[in-house]
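The values are calculated or read from the model by the stated rules, or taken from the named source; none is laboratory data. Predicted model, so just to flag it, every value in this text is computed and none were measured. We place every Cβ from the backbone using ideal geometry, glycine too, and count neighbours over all the protein chains shown. Note: accessible area is taken over every heavy atom of the protein model, side chains too, but ligands, DNA and RNA are not part of it. Shrake-Rupley method; radii C 1.70, N 1.55, O 1.52, S 1.80 Å.
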Amino acid sequence: MTGAASTGPLTGLRVVDAATLAAGPLIATWLGEHGADVIKVEQPDGGDPLRQWGAQRDGVGLMWKSVSRNKRSVTANLRQEAGRDLLRGLVDTADVVVLNLRPSTLERWGLDHATLSARNPGLVTVHVTGYGAGGPKSDRPGFGTLGEAMSGFAHLTGHPEGPPTLPSFMLADGVAALTATWAVMMALYHRDVHGGPGQLIDLNLIEPLARLIEQPVLTHDQLGTVPNRTGNRWDISAPRNTYRTADGHWLAMSGSAPTIAMRALRAVGRPDLTSDPRFAEAQQRLKHAGEIDAVMADWVAGRTLDEAMAVFEEAEVAAAPVYDAPQLLADPQLTARGTYPVVPDPELGEMRVQAPVPKFSATPGRITHLGPALGAHTDEVYRELLGLDDDRLAELRAQEVL
């Protein structure tokens, strides 16, 4: 398979990625890292908007390069029936198709799961939308920002006196994509091991993130209270915060386990507090989180980052530097693990991206190439999978289908 990761546990699996922007394409990215042949279907007039998203170098989208690793790019104008025929033909050869069009558009264009699975009964269709199927908002457009707001994440994030805070990265899209990726594997297991049919996976951008921050719902349901923003603190452990060092850096600390909290108190020269009932017992420690937080902040403020981390590491306290990108790339632990390999690229020369996660001992993930040029594999894929010849390809180009 030219351009595909031809070895790995998912070798032989074909995925058609006909989605745009972040959540849908990320699902195909992670499958492609482990051997799946991923066919990226894009509109011929510009392709996936992810190509223009975020930081660019010489007009080349950097996020596009990483998210579209290992994929083969073909074009098909889905606004024309001939383009939709091409997509349906590709899906006939696939195990998985990833879509994120509105439900009404899928039905109108004959790309809904019922139509596609009638042609390919083993097909697993992943449909990622802002709100999910059913309900009054099912056909409305939605992006990760709305998921981060409606999931309750933004309400909990930020300082108590400040506004709800949104993340500066694609959090809701990423969590939804991770959820969908393991859902695909379960659907394939059901199909291939238990002999079941393919099925539709209906996922929105709200519920996966809301599932991770379920505690406020549980608290409201059982106690009638509404948790609010607490900054970098968390009402399940203390100490837990970020602390500024004498040389202007920051470190983070977590006392989630009682033994770690006691180690932290001893490390900063306050062993007396380990026998104080206000700090020695977990629930009491939470009630006095502000006091224990001040103890930690004062101690850290009098030391450089290296000095503070040396003490905490010696005492086996759960603390870590707050990294920016250069520090992340320079970290000896991540360097030893090969977390950020350098990958050759015909447009950028080379680019450092994050390696596949997690690490497999027998079948490690691979990066065979970064995001390709728009339509780079159009002729190759349509000849290989649909049997189109030069005349038909030329005709489709003349009709602006490709």
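Rounding to the nearest 10 and keeping the result within 0 to 90°, find how far the Cα-based axis of helix 23-32 lies from the longest principal axis of the chain. The answer is roughly 80 degrees. Solvent-accessible area per residue in the chain equals 49 Å², computed with a 1.4 angstrom probe and all protein chains kept.
The phi-based Karplus calculation (6.51 cos²θ - 1.76 cosθ + 1.60; θ = phi - 60°) puts the 3J(HN,Hα) values of the range 118-124 at 5, 8, 9, x, x, 5, 9 Hz, whole numbers, x for Gly and Pro. Projecting the Cα atoms of Ala282, Leu370, Thr339 onto the dipole axis of the range 263-402, where Lys and Arg carry +1 and Asp and Glu carry -1 at the beta carbon, places Ala282 farthest toward the positive end. Site pair Asp390 and Val311 shows an inter-label distance of 7.6 nm when each label is modelled 7 Å from Cα along Cα→Cβ. Summing Cβ point charges (Lys, Arg +1; Asp, Glu -1) relative to the Cα centre of the range 229-366 gives a dipole of roughly 460 debye. Solvent-accessible area assigned to carbon and sulfur over the chain amounts to 55 percent, based on a 1.4 Å probe.
A simple rule links phi to the HN-Hα coupling: the Karplus curve 6.51 cos²θ - 1.76 cosθ + 1.60 with θ = phi - 60°, which for the range 271-281 gives x, 4, 6, 6, 10, 7, x, 5, 10, 7, 10 Hz, with x for Gly and Pro. Model label points for Glu350 and Ala282, set 7 angstrom from Cα along the Cα-to-Cβ axis, are 4.8 nm apart. For the peptides 184-193, 30-39, residues were scored by their other Cβ atoms within 10 Å and the scores averaged per peptide; the highest-first order is 30-39, 184-193. Once the Cα atoms of helix 258-267 and of the chain are each reduced to a long axis, what angle between those two axes, in degrees from 0 to 90 to the nearest 10, is obtained? Once rounded, one gets 60 degrees. The spacing between the range 371-402 and the range 122-145, judged by their C-alpha centroids, is 30 Å.
Remark: relative contact order (the range 224-360) = 23 percent; criterion is Cα-Cα distance under 8 angstrom and separation of 6 or more residues. When both the range 6-81 and the range 258-309 are represented by their alpha-carbon centers, they are found 48 Å apart.
Residues whose amide H comes within less than 5 Å of that of Ala36, counting only those at least five positions distant or on another chain, are Leu10 (H built at 1.01 Å from N in the peptide plane).
Across the chain, the mean sequence separation of Cα contacts (distance under 8 Å, 6 or more residues apart), normalised by length, yields a relative contact order of 19 percent. Overall form of the range 75-186: prolate. Here a/c, set by the Cα gyration tensor axes a ≥ b ≥ c, is 1.5 or more, and a/b is the larger of a/b and b/c.
Extension gain for the segment Arg337 to Ala252, taken as residue separation times 0.36 nm less the Cα-Cα distance, is 28.4 nm to one decimal. The charge dipole of the chain, taken about its Cα centre with unit charges on the Cβ of Lys, Arg, Asp and Glu (plus for the first two, minus for the last two), comes to roughly 480 debye. In order along the range 46-55, phi translates into HN-Hα couplings of x, x, 4, x, 4, 4, 9, 8, x, 5 Hz, rounded to whole numbers, per the Karplus curve 6.51 cos²θ - 1.76 cosθ + 1.60 with θ = phi - 60° and x for Gly and Pro. Peptides 107-117, 364-374 ordered by packing proxy, namely the average of other Cβ atoms within 10 Å per residue, highest first: 364-374, 107-117.
Near the amide H of Val317, within less than 5 Å, lie no amide hydrogens of residues on another chain or at least 5 residues away, with H placed in the peptide plane.
Quick one: which residues, 5 or more positions from Val124 or on another chain, have an amide H under 5 Å from its amide H? H modelled 1.01 Å from N in the peptide plane, none for Pro or chain starts. When sequence neighbours closer than 5 places are left aside, the close amide H contacts are Val96, Val97, Gln199. What do you get for the angle between helix 305-314 and the principal long axis of the chain? Use alpha-carbon atoms, 0 to 90 degrees, nearest ten. Tilt of helix 305-314: around 80 degrees. Pairs of Cα atoms nearer than 8 Å and 6+ residues apart set the relative contact order; for the range 97-235 it is 31 percent. For the residue pairs Lys137/Lys287; Lys71/Lys359; Lys40/Lys359; Lys65/Lys137, the C-alpha atoms sit more than 31 angstrom apart in Lys137/Lys287; Lys65/Lys137. Here the spin labels are modelled as points 7 Å beyond Cα on the Cα-Cβ line, and at Thr11 and Gln80 they lie 3.8 nm apart.
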